[in-house]
Amino acid sequence: MSRFRPYFRYLHLVRAPLAGALLSAVVFGAAAAGLAYIMEKALPRLFDDDAIPLTSAQLYGYAALIPLVFLVRGVAGYLNTWLITLCGVRILERMRRDFFARLQMLPLAFFSGRQTGDLISRGIADTNQLQFTLTSVANDLFKQPAQLIGAVGYLVFLAAKNQDVAILLLCLASIPLCVFPVRYVGKHLQRRAEQFQAEMGAVTATLSENLGAIREVRAFSLERRENERFERSTGRLLGFQMKAAKYAGMLTPVIEIISAVGIAATLVYAYRAGFTWNQFFAILTALYLCYDPVKKLGAVNNELKRGSAALARLDEVFNEPITIADPEKPAAVGRLRGDLAFEDVSFAYRADLPVLRDVSVALPAGTVCALVGPSGAGKTTFANLVPRFYEVSGRVAIDGIDVRAMRLADLRRNIAVVSQEAVLFNDTILANILIGRADATRPEVEQAARDAFAHDFILSLAQGYDTIVGERGASLSGGQRQRIALARAFLRDAPILILDEATSALDSDSEAAIQAALKKLMRGKTVLIIAHRFSTIRDATKILVFDRGEIVASGDHASLYATNALYKSLYDRQQGGA
Ligand code: ADP
């Protein structure tokens, strides 16, 4: 249970239905005692030979007691189930929201080295498991102990009346024995449940990876390999599921056998002690009402183990520290000028592999700076440190203000990023451009689209700006997507611009339009160009040459070409290949 303690705060969301559920559980339990009472007191009267024959009113009255008790029990049980489900559903809805909100805040570093599919599975399958655990557990968590207390109470009453404590002890002696199978099963089940949930993540990851690479699968004829990969994963899933079933299914028969032994012993004792059939039958009923909750509480334990395995996977997300957050006393930041400075900046994705080493460079506002160097040298990483995507040692500053001293929203409002692969949301073109600046007016959006050479092609679409672009912009060409992304950047009009130059050439019409748009976009801005193809270098006022995490040279094209061997070889290779 302690596993769940940090989440108890969610309970205050559901105080009212929870109280109702508890109340109905008490009524449900009391009905159990009532049932045993009827068995012992009311029914024997009907069949007592010496008794005065019952009037029909009495007969119907007694007979009606049975459905009446079941009616009370049924309504209370139903209310309990319904209210508990409401609690579970509400809590899990909130947890799912919190999970998603947490994902929005976690640093990018958290996501590298994690599979998207596995995270999806945590958000869907693990929360589902948890909801099931919560409702099924809570359902029995009150009802069953209430029934147990009711039944045991009745047994105590019976023993007291007969002045025969031995029968009571005998009846209840075997209940503690049930603890052993419950614990044994629980322990084994938890391991299987952990494996099962993890494998569920792997299956989802395989699926989502496959769907993300559907073209590659066709192009390289990987269908069979992918099928096999998926089958292996689902096969393992099935294995863990059956192992869990093996342990979970054991519990009921074991507890039933233990309780049957208890009943047999009671039978022998009752016979010797000269109990009447009526008394014995009442004891039997109470005993059944005792063991049934024990059995169900065993199942509750199983379910808790499953839930705890799922929760452990959510914990990893909930407990991951949010390392990149707003400072407590943020600097007042309006529109920045765009003086960029890196001071002794070092950074590593993984502790043992430094990616940037003691990088220092100052770029006055308005510098168009190209980052060149062999692939893997750290150019992209360098640029990603400006919007504070990662935490560094050393200092990255804009206009002399450490980026860590600014609110993230203030910082990022001053930066426009245009990446290699423009990612669009499955929404209208208008909405996709508005991402650049949410409060822009329609004329501003259209102007931005014109600046990005996108306006004309947008108007040529049947729905114009209201065209839905499909998932990730699938219904548009690469060049069109790129131009929408540029329109976003125009609309944002941020003083700092980060361009991740496309690695592959676009069709020449788009290419020319995009180059012209870029030139316009860069005007008056501090620009970092991650130059993969050197085609933009002619616009740069400064070039930084990266090699293995360090800036090994800087200057303009002519001087670097003359003095830096690495730069010269990179440049020549590009020209030769182009
Ligand atoms: P460039 O842009 O110069 O090609 P990058 O900055 O992308 O280089 O990468 C620099 C180094 O950091 C490479 O060795 C790369 O493997 C590593 N790297 C890049 N991104 C990540 C990441 N998200 N997680 C771990 N390592 C990364």
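Readers should treat all values here as calculations from the given coordinates under stated rules, not as data from a laboratory. Keep in mind that this is a model prediction, so the values were computed, not measured. Ideal geometry is used to build each Cβ from the backbone, glycine not excepted, and the neighbour counts take in all protein chains shown.
Evaluate the distance, in nm, between pseudo-label points positioned 7 Å from the Cα of Arg407 and of Phe111 along their respective Cα→Cβ axes.
2.3
If one computes the Cα centroid of segment 74-148 and of segment 315-352, what distance in Å separates the two points?
Their Cα centres are 33 Å away from one another.
Please report, in cubic angstrom per residue, the volume enclosed by the convex hull of the alpha-carbon atoms of the chain.
Normalising the Cα hull of the chain by residue number yields 226 Å³.
Could you derive backbone 3J(HN,Hα) for segment 338-343 from the dihedral phi with the Karplus parameters 6.51, -1.76 and 1.60 (θ = phi - 60°), listing whole Hz in sequence and x where the residue is Gly or Pro?
Once rounded to whole Hz, the list reads x, 6, 9, 9, 10, 10.
How big is the C-alpha Rg of segment 2-318 next to the rule-of-thumb value 2.2 N^0.38 Å, as a ratio?
1.32
How big is the dipole moment of the chain about its Cα centre under a simple scheme where the beta carbon of each Lys and Arg is +1, that of each Asp and Glu is -1, and everything else is neutral? Debye, nearest 20, please.
Using only the charged Cβ atoms, the result is roughly 640 debye.
Which Cα, out of His12, Val545, Val217, lies furthest along the positive dipole direction of the chain (beta carbon charges, K/R +1, D/E -1)?
Toward the positive end, the furthest listed residue is His12.
Sort 278-290, 512-524 for me by packing, meaning the mean count of neighbouring Cβ atoms within 10 Å per residue, highest on top.
Top of the packing list down: 278-290, 512-524.
Return the FRET efficiency for the residue pair Lys246, Ile124: r is the Cβ-Cβ distance, R0 is 25 Å, and the value is rounded to the nearest 0.05.
0.45
Please tell me the relative contact order of segment 437-578 in percent, rounded to the nearest whole number, where contacts are Cα pairs under 8 Å and at least six residues apart.
Value for segment 437-578: 19 percent.
Based on the alpha carbons, how large is the Rg to Rh ratio for segment 258-304 when Rh follows Kirkwood?
1.14
Report, ordered by chain and residue number, the lysines lying within cross-link reach of Lys246, taken as a straight Cα distance under 20 Å and ignoring same-chain residues fewer than 8 apart.
Within the straight-line limit of under 20 Å, Lys246 reaches these lysines: Lys187, Lys295, Lys296, Lys305.
How large is the helix-only mean residue ellipticity at 222 nm for the chain, computed as the sum of -39500 (n - 2.57) over DSSP H runs with n ≥ 4, divided by its residue count, in deg cm²/dmol to the nearest 500?
Result for the chain, helices only: -20500 deg cm²/dmol.
Along the Cα-to-Cβ line of Lys161, 7 Å from the Cα, sits a label point; which residues in segment 273-295 have backbone N less than 18 Å from it?
273-290
Using a Cα-Cα cut-off of under 18 Å, which lysines could be cross-linked to Lys379, ignoring same-chain neighbours fewer than 8 residues away?
The qualifying lysines are Lys542, Lys568.
Can you pull out the trypsin sites (Lys or Arg not before Pro) in segment 71-179 whose DSSP state is coil and whose Cβ has at most 16 other Cβ atoms within 10 Å?
Arg114
For segment 557-567, just list the computed ³J(HN,Hα) in residue order, Karplus coefficients 6.51, -1.76 and 1.60, θ = phi - 60°, integers in Hz, with x standing in for Gly and Pro.
Residue by residue, segment 557-567 yields 4, 4, 6, 5, 4, 7, 10, 10, 5, 4, 4 Hz.
Of all the Cα-Cα pairs you can form in segment 138-270, what percent are over 26 Å apart?
Of all Cα-Cα distances in segment 138-270, 51 percent exceed 26 Å.
Please give the net charge around Asn80, taking every other residue with its beta carbon less than 15 angstrom from that of Asn80, where Lys and Arg add +1 and Asp and Glu add -1.
+2
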